[in-house]
């Protein structure tokens, strides 16, 4: 299936927004419901002592699913076949051995599965047996631990809802035997798949796959979620209330703001304010709202320092998502490629100082390998001051190892296409403004900043002008000053409209 730019943006948002919700909720886990006026931040802490912006078991277990699916796809096997399921079990066991937090039910099942594996059972079969034994011993097994990790499955099965339905059941029952857990995962992944493909949020889209009796039960549960707030679901360790709390947060956010950056932020914050199992409910909500709003709707402040077990920050989460929808890893192409080759593009060597702030350099992509090293810069005939650059804002595709001297947490990227076609850039004004704010935040922290796209002709002057406006005055006037420094500035029509709108807002105009 060949996806559009908008669909790829939405697919890229699924795992990153899962992790964002997870990390956002980590510091509030097992706490009370919070008032709407309470700011929600990635403060870290909580009962398990997570670092700020660190994701928890929810995302780590999802990463294991994603990598197991990709391993199977790369080897030409079924992504939800026995080998893939076995890989998930052993991957979870490796993760659990050093994890700060493993859910009680999941821990019990993985421990019992290890014992069965030592006796010769295959990992996936051992997990199924252990999950059923746990259910029979306790009388219940519908915790939220399978729903929290399920989002990657939707990306691997965009081509077939029927195959997704079967895969979601198989992966859920590796640790959670009860039907409520199975159906919650099936319904949620069906909704994620639908959102990636269409941009629409419809958690009822999978109901037709259930029996009439079960469909009616879930229809009533969904209606209760829409008539309630996340804080009403105080037993959200149970998969049904976790599902309801996550959908309630999304439903009310979208009702108030439509699908976009505002609803993404509101949904995740509202999920956390619901209290109790905050990281899990927000992670579940993140997978779905990210599938509808897309990567481009995630605020840079939430992406910048995101980290945790199993992946090298948010860029690798994005790469995993895009590779799942592509049908396997693509090591020789973006986003997995070590360095982008823009050698045939004109203007990539452009580099000038921002006329409104000499500690901000603006230019093309050719300078990235030399930033942060005065010696390397001068050897290549570049200004020695580029050696002082300690933060980078990238407005184009970059490789994993571009700008090697700049710390990863100080190198942020934005999903931004140089096109005036509205279909190519979701949430365009938000992305451009967010990029300018990123420059301002780095400067407030004392960094010398390099702002770039490939050629410094359209994206770079636009964001540079918006940054200039943040310092005071008009975006269009700042663009005029920036344009005198750059050799070939010509922001496209859509970007120019954002600049004009920015000036209209500054003057108090509404149109």
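The values are calculated or read from the model by the stated rules, or taken from the named source; none is laboratory data. Just so it is clear, the structure is predicted and the values come from calculations on it, not from any experiment. Cβ: placed from backbone, ideal geometry, glycine included. Neighbour counts: every protein chain shown.
The table below gives the values:
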item: Subset of segment 434-451 [in a helix (DSSP H, G or I) and either surrounded by 20 or more Cβ atoms within 10 Å (Cβ to Cβ) or in contact with a helix residue (DSSP H, G or I) (Cβ under 6 Å, 6 or more places away or on another chain) (or both)]; result: 434, 435, 436, 438, 439, 440, 442
item: Boolean, residue 311 is under 18 Å from residue 257 (Cα atoms), at pLDDT 95 or above and out of contact with any strand residue (DSSP E or B) (no Cβ under 8 Å at 6 or more places or on another chain); result: no
item: All positions within segment 394-428 that are crowded, with 18+ Cβ neighbours inside 10 Å, over 30 Å from residue 374 (Cα atoms) and over 18 Å from the mean Cα position of the chain (by Cα); result: 417, 418
item: Residue 482 at pLDDT 95 or above, in a helix (DSSP H, G or I), touching a helix residue (DSSP H, G or I) at 6+ places or on another chain (Cβ under 6 Å) and crowded, with 20+ Cβ neighbours inside 10 Å; result: yes
item: Matching helices (runs of 4 or more DSSP H) fully within segment 41-151 where at least 2 residues are in contact with a strand residue (DSSP E or B) (Cβ under 8 Å, 6 or more places away or on another chain) and modelled with pLDDT of 95 or more; result: 57-74
item: Residue that is part of a strand (DSSP E or B) and modelled with pLDDT of 95 or more, where the choices are 412, 454, 417; result: 412
item: Residue satisfying condition, being surrounded by 24 or more Cβ atoms within 10 Å (Cβ to Cβ) and assigned by TED's automatic domain parsing to the domain that holds residue 199, within set 290, 310; result: 290
item: Residues of segment 152-177 that turn out to be surrounded by fewer than 22 Cβ atoms within 10 Å (Cβ to Cβ) and either at pLDDT below 95 or not in a helix (DSSP H, G or I) (or both), as a count; result: 3
item: Lone qualifier among 6, 12, 62 - being crowded, with 16+ Cβ neighbours inside 10 Å, within 14 Å of the chain's Cα centre (by Cα) and more than 17 Å from residue 242 (Cβ to Cβ); result: 12
item: Qualifying position, being buried (at least 22 other Cβ atoms within 10 Å of the Cβ) and not assigned by TED's automatic domain parsing to the domain that holds residue 9, among 366, 376, 391; result: 391
